[in-house]
Structures are given as C-alpha cells and as structure tokens.
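A.B. asks: Please see the structure below; I have some questions.
The values are calculated or read from the model by the stated rules, or taken from the named source; none is laboratory data. The structure displayed is predicted, hence computed values, not measured ones. Cβ: placed from backbone, ideal geometry, glycine included. Neighbour counts: every protein chain shown.
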Amino acid sequence: MSENYIKPEIKVARKRSNRPVRNIHFAFDEKYAKLGQGLTYIIETHGCQANEADSEQMVGLLRAMGFEEARAIDEADLIIINTCAVRETAESKVYGEIGRLKKYKRLNPNLVIAIGGCMPQEEVTVERILAKHRHVDIVFGTHNLYRLPELLHRVIVDKQRVIEVFSEEGEIVENLPTIRKNRYKAWVNIMFGCDEFCTYCIVPYTRGKERSRHPDAIVEEVSKLAAQGYMEVTLLGQNVNSYGLDDPELGCDFPELLTRLKKIPIPRIRFTTSHPKDFSDRLIDVLATGGNLMPYIHLPVQSGSDSILKAMNRKYSKAQYLELVKRIKTKIPEVSLTTDIIVGFPGETEADFEATMDLVEKSGFEGAYTFIYSKREGTPAAKFPDDVPHEVKKNRLDRLNSLVNQGYALGNKRFLDNVVDVLVEGYSKTDKLILSGYTPNNKLVNFPGPESLIGKIVPVKILQAKTWSLGGEVIHEQN
Ligand code: SAH
Ligand code: SF4
Ligand code: F3S
C-alpha cells in the first residue's frame with residue numbers, strides 16, 4: 001500500500017506563504033467510537049511542553065475511541081512515541097526505544113506501534129523507519145494529530161501500514177478533546193509554529209508557520225479551566241511575545257492577551273517561551289502589575305557573543321540583551337530569570353565563550369538549560385563547518401554549568417526566612433511524608449504537611465535553601 005504514503009519534505013516545510021490560516025473546528029466522528037473498546041494504550045512523550053500538550057490531546061482522542069490506559073508497556077495494545085527532533089541525543093533515545101519495542105510485537109502480534117511528533121516531520125526519519133523498522137505501523141506528524149482516529153482505523157481495521165506526514169504550514173485545530181495529566185496545572189496553546197528560523201533550529205520545519213489562536217478561544221479555555229478548579233495555566237508558544245502579530249485581524253498582541261487573561265480568576269498565569277527580540281516595554285509594564293502574572297521569565301539567550309548571535313540569526317546583541325534584563329529587573333525587582341544556552345556553535349572561539357560566561361554572570365540567571373550544539377540536517381547552520389572539537393564543547397559545557405549552578409543556589413538562597421506561597425502538587429517523589437510544590441518564582445519547595453493541602457496554595461516559611469530546592473514549614477493551614 002506504499003502508494004498511499006504521504007511523506008514529509010523539508011524544502012516544502014521551509015516555505016512561508018501569505019495563505020490565510022485555516023481554522024478547523026474538530027468534531028469527533030462517532031464511527032470511531034468503538035474502535036478502541038477493550039484495548040489499551042501507552043503514550044511516551046519526549047521534548048518540550050508543546051509535545052506534552054499534544055500528548056494530552058492524543059489521550060483525549062484515544063479515550064473518545066474507547067481505549068483505556070495500559071497498566072504497563074508490555075500489556076499495551078497501542079504504543080505511541082511522541083518524539084522530539086531538537087537535538088541528536090533526543091533522536092537517538094527514540095531510535096533506541098523503537099528497537100526495544102520489537103520484542104513486544106513478538107509477544108503480541110496485534111500490537112500497534114505509532115511514531116508521532118517532530119521527528120517524522122524530517123524526511124530522514126521516515127526513510128530510516130521505512131528501511132530499518134518494519135515493526136512500526138503508523139508514522140504521523142505534528143500537523144495531523146487530529147486525524148489519529150482515522151489513521152488507527154486504517155491500521156486496525158484495514159490492516160494497512162500508514163505513513164502520513166504533512167509539510168504544509170499548518171492549521172489551527174480547535175475543540176480537540178483533551179485529557180490533562182495534572183489536576184492543578186494546565187498547558188494552554190496560544191500559538192503554533194515558529195517563523196524565527198534561528199539557524200541551528202529544526203522547530204520552524206517541524207511545527208510550521210507561526211499562527212496565533214483567536215484570543216476569544218484562549219480566554220474561553222482559561223475561563224473553563226478556572227471554573228474546573230485549575231490553579232495554574234502555562235501559555236505555550238515557541239515565541240509568545242510575537243503572539244497575534246501574524247494576524248492583525250485578531251486585534252490582540254501578547255501584552256493585550258495577558259491583560260485580558262489577568263481578569264480571569266485563575267490564581268497563576270505563566271508563559272513560555274519569550275524571544276528577547278520581541279520583549280516590549282508594554283509587556284514589562286503588564287507583567288509588573290503582578291497579581292496572577294507570575295514573576296518568572298524564561299528568556300533564552302543562546303550565546304553572549306555578538307558574532308555568534310548574528311550567525312544564529314537571533315536579532316539582538318549582548319548589550320541589548322543585558323539592557324532588556326536591566327529594564328525587566330527595574331520594573332519587576334522580585335523577578336526570577338532563567339535561560340537556554342548553546343555551547344560549541346560552529347565558529348565559537350574561546351573569546352566567544354568567555355562573552356557567554358560574562359553575560360551569565362551579569363544577568364543573574366537563577367537557572368539555565370545548557371546544550372552542546374547539535375547539527376540538524378536541513379537547517380542553515382548544518383552547512384557551517386562544525387569546527388569546535390567535541391572535547392572543547394564538553395569542557396565549555398562543564399565550565400558553564402558550574403557557573404549556572406551557582407545561580408540556582410543564589411536564586412534559592414534569597415528566599416531564606418521569607419514566607420512564600422506554594423501551590424502544593426502532591427507528596428515528594430523521594431519522601432512520601434513530605435509535600436512539594438512551586439512558588440510564584442518557580443522554586444521547588446518541600447515541607448511536611450497533611451494530604452488535605454494538595455491542590456491548594458499555602459504560605460510556607462523557608463528554613464533551608466539548597467541548590468535545587470527549598471525546605472520549610474507551613475505557617476498556618478487553610479481549610
Ligand atoms: N522556542 C524556544 C525553544 C525551542 S528549543 C526558544 O526560542 O527559546 C529549546 C532549546 O533547545 C533552545 O532554546 C536552544 O537552546 C536548544 N536548541 C535548539 N536547537 C538546538 C540545536 N540544534 N543544538 C543544541 N541545542 C538546540
Ligand atoms: Fe527554534 Fe529560534 Fe523558533 Fe525558538 S525561536 S523555536 S530556537 S527557531
Ligand atoms: Fe522538540 Fe518539537 Fe518541542 S523538536 S523541542 S518537541 S517543538
């Protein structure tokens with residue numbers, strides 16, 4: 001049935017047109033309502049929050065089809081891996097996993113194995129699966145998640161092998177059923193795709209063109225979550241600061257969206273990720289009004305060297321970034337900033353790296369995700385000579401990480417003896433008598449307390465500050 005295969009093309013995925021974005025109002029087709037009856041699924045999710053949110057929609061679709069969650073992977077009738085393509089290490093993990101799944105197929109010949117998410121959007125992935133992993137039944141991408149019921153029908157009923165990956169710029173699909181993993185914290189997509197084209201990054205190819213949801217749809221979703229008792233929402237987009245700019249008819253940019261969402265009685269609003277180049281003074285002013293807008297900003301810098309930033313197509317300089325940090329801290333003094341940094345980008349010299357270290361020292365980051373550059377086929381940087389020896393990259397990463405860890409420790413220390421509000425999520429993973437949760441500044445706090453506090457925001461006095469967490473005690477319990 002190979003003539004039915006729809007394969008991705010990176011050349012097509014790169015294109016951006018003025019074609020208006022199609023809004024699809026999803027309606028579940030009842031003819032699939034019994035397809036999953038008596039069958040179980042497992043979804044394994046890799047990558048960023050966009051994938052976490054997508055997996056929750058896949059669960060929504062599977063439950064609508066009658067599937068139930070499997071207790072263990074070796075009991076599942078359907079295994080979906082939702083993949084990430086951002087670095088080679090992420091992809092190697094998935095290939096290892098695909099290899100391991102072969103044995104389950106021998107135990108259960110009716111097992112359906114599906115690979116979805118960002119990796120299938122790359123043509124190399126699809127070719128490799130076709131050539132080497134015959135036990136994979138479905139390959140689907142980020143643009144056709146909503147077609148999962150039909151794809152499963154083709155495998156389970158029609159006994160086909162399905163490869164369906166679209167490379168068009170993508171639509172906005174509203175009204176997908178969603179079953180959320182966390183009872184208190186919810187992801188809310190405000191936009192999809194990315195048009196930044198940082199030269200190292202595969203995301204603009206795997207996620208399509210930047211497209212913003214209608215503000216009314218976002219307000220409605222957050223209002224519903226608040227009414228259902230959710231305590232926190234995190235607004236998702238690859239660059240939330242450019243929300244609304246792709247479609248002037250929406251009449252709403254990111255500061256305006258936050259102003260509207262702020263009025264909804266949801267205790268906490270967070271967002272990720274902010275590109276420094278679009279961080280306006282208006283946005284800072286809105287965030288400075290506080291309330292349910294949390295004083296925590298993830299602001300990926302990637303490098304502190306002007307020539308590397310230019311080669312990365314980041315559209316700001318070291319001085320402009322530091323100036324932005326200063327403006328943010330002046331208006332929101334209690335803010336916590338974290339960042340992302342890549343070391344060993346093609347052409348990075350010792351002096352470039354030192355500029356990054358200097359920027360980290362001056363910015364006062366309270367955390368950072370640090371990565372060694374990974375070449376992504378199809379991106380502009382893949383053509384740059386990858387000339388930094390691996391040992392040098394590793395050494396730079398180690399030096400950077402020790403500096404970053406000092407930032408984590410200092411960021412925690414400043415809360416010693418303070419009383420902070422903690423949204424209690426449950427018992428700690430390592431100690432079943434200790435509750436844990438996060439502060440407005442996104443600091444992890446562990447403290448003893450009764451189960452009745454789970455799902456509430458409680459004041460905790462901080463008595464210990466470690467590198468990765470805070471410890472303390474509740475000062476008075478809420479009912
Ligand atoms: N849209 C977000 C992040 C997307 S990917 C943003 O712009 O901040 C998350 C992080 O992965 C990036 O911030 C970057 O630091 C890292 N990353 C992306 N591509 C990479 C690559 N090819 N090699 C190493 N790290 C990469
Ligand atoms: Fe990738 Fe840059 Fe877009 Fe972030 S802003 S997803 S790093 S291209
Ligand atoms: Fe990975 Fe795709 Fe997110 S490549 S980082 S899962 S957008």
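A.B. asks: Exactly one condition in (1) basic (Lys, Arg); (2) more than 15 Å from ligand 1 (Cβ to nearest atom); (3) farther than 21 Å from GLY60 by Cβ is false for ARG213; which is it?
C.D. replies: In the conditions (1) basic (Lys, Arg); (2) more than 15 Å from ligand 1 (Cβ to nearest atom); (3) farther than 21 Å from GLY60 by Cβ, ARG213 misses (3) alone.
A.B. asks: Here's a follow-up. When you go through GLY304, GLY290, GLY347 one by one, which is the residue that is crowded, with 19+ Cβ neighbours inside 10 Å, part of a loop (DSSP other than H, G, I, E, B) and not charged (D, E, K, R)?
C.D. replies: GLY304
A.B. asks: Considering only residues of segment 198-210 that are within 11 Å of ligand 1 (Cβ to nearest atom) and not in a loop (DSSP other than H, G, I, E, B), which is surrounded by the most Cβ atoms within 10 Å (Cβ to Cβ)?
C.D. replies: THR206
A.B. asks: Somewhere in segment 368-385, is a residue free of Cβ contacts under 8 Å to residues at least 12 places away in the same chain, surrounded by fewer than 17 Cβ atoms within 10 Å (Cβ to Cβ), within 16 Å of ligand 3 (Cβ to nearest atom) and not aromatic (Phe, Trp, Tyr)?
C.D. replies: Taking segment 368-385 first, the residues free of Cβ contacts under 8 Å to residues at least 12 places away in the same chain are 382-383.
With surrounded by fewer than 17 Cβ atoms within 10 Å (Cβ to Cβ) added as a condition, the list becomes 382-383.
In the following step, the residues that additionally are within 16 Å of ligand 3 (Cβ to nearest atom) were identified as 382.
If we keep only those that are not aromatic (Phe, Trp, Tyr) as well, we get 382.
Yes.
A.B. asks: Let me ask you something else. Restricting to segment 45-99, and then to whatever is within 16 Å of ligand 3 (Cβ to nearest atom), more than 14 Å from the chain's Cα centre (by Cα) and among the acidic types (Asp, Glu), can you tell me which residue is farthest from TYR373 (Cα to Cα)?
C.D. replies: GLU97
For every residue, the table says whether it meets (1) crowded, with 23+ Cβ neighbours inside 10 Å; (2) in contact (Cβ under 8 Å) with a residue 60 or more places away in the chain.
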site: GLY117; (1), (2): yes, yes
site: GLN121; (1), (2): yes, yes
site: ARG128; (1), (2): no, no
site: HIS133; (1), (2): no, no
site: GLY141; (1), (2): yes, yes
site: LEU145; (1), (2): no, yes
site: GLU150; (1), (2): no, yes
site: VAL155; (1), (2): no, no
site: ASP158; (1), (2): no, no
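A quick yes/no check of all residues on (1) among the hydroxyl-bearing types (Ser, Thr, Tyr); (2) more than 30 Å from ASP358 (Cβ to Cβ); (3) touching a residue at least 40 places away in the same chain (Cβ under 8 Å); (4) in the same structural domain as GLU122 (by TED's automatic domain parsing):
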site	(1), (2), (3), (4)
VAL388	no, no, yes, no
ASP398	no, no, no, no
GLN406	no, no, no, no
TYR427	yes, yes, no, no
PRO448	no, yes, no, no
ILE457	no, yes, yes, no
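A.B. asks: Scanning segment 143-197 for residues that are assigned to a helix (DSSP H, G or I) and charged (D, E, K, R), which turns out farthest from THR439 (Cα to Cα)? I'd like the intermediate steps shown before the answer.
C.D. replies: At the first step, the residues of segment 143-197 found to be assigned to a helix (DSSP H, G or I) are 145-156.
So of that shortlist, the ones also charged (D, E, K, R) come out as 147, 150, 154.
Numbers: ARG147: 39, GLU150: 43, ARG154: 47 Å.
Within segment 143-197, the match that is farthest from THR439 (Cα to Cα) is ARG154.
A.B. asks: Quick check on VAL424: is it under 22 Å from LYS185 (Cα atoms) and in contact with a helix residue (DSSP H, G or I) (Cβ under 7 Å, 6 or more places away or on another chain)? Outline the logic, then answer.
C.D. replies: Numbers: under 22 Å from LYS185 (Cα atoms): yes; in contact with a helix residue (DSSP H, G or I) (Cβ under 7 Å, 6 or more places away or on another chain): yes.
When the stated conditions are applied, VAL424 passes them.
A.B. asks: Please state which one of ALA70, ALA76, ALA90 is surrounded by 13 or more Cβ atoms within 10 Å (Cβ to Cβ), within 16 Å of ligand 1 (Cβ to nearest atom), outside the structural domain of GLU196 (by TED's automatic domain parsing) and among the small types (Gly, Ala, Ser).
C.D. replies: Being surrounded by 13 or more Cβ atoms within 10 Å (Cβ to Cβ), within 16 Å of ligand 1 (Cβ to nearest atom), outside the structural domain of GLU196 (by TED's automatic domain parsing) and among the small types (Gly, Ala, Ser) holds for just one of ALA70, ALA76, ALA90, which is ALA90.
A.B. asks: Whether any residue in segment 104-117 is within 16 Å of ligand 3 (Cβ to nearest atom), in a loop (DSSP other than H, G, I, E, B), assigned by TED's automatic domain parsing to the domain that holds ASN23 and within 23 Å of ILE202 (Cα to Cα) is what I want to check.
C.D. replies: No: zero hits.
A.B. asks: Please give the number of the condition GLY170 fails out of (1) buried (at least 22 other Cβ atoms within 10 Å of the Cβ); (2) at pLDDT below 95.
C.D. replies: Tallying (1) buried (at least 22 other Cβ atoms within 10 Å of the Cβ); (2) at pLDDT below 95, GLY170 fails exactly one: (1).
A.B. asks: Which condition breaks for ASP195 when tested against (1) within 16 Å of ligand 2 (Cβ to nearest atom); (2) on the phi > 0 side of the Ramachandran plot; (3) surrounded by fewer than 20 Cβ atoms within 10 Å (Cβ to Cβ)?
C.D. replies: Every condition holds for ASP195 apart from (2).
A.B. asks: May I pose another question? Consider segment 222-269. How many of its residues are charged (D, E, K, R) and surrounded by 20 or more Cβ atoms within 10 Å (Cβ to Cβ)?
C.D. replies: Summing the residues that are charged (D, E, K, R) and surrounded by 20 or more Cβ atoms within 10 Å (Cβ to Cβ) in segment 222-269 gives 3.
A.B. asks: Follow-up. Whether any residue in segment 218-228 is over 21 Å from ILE24 (Cα atoms) and either in a strand (DSSP E or B) or within 16 Å of ligand 2 (Cβ to nearest atom) (or both) is what I want to check.
C.D. replies: No, the conditions are met nowhere in segment 218-228.
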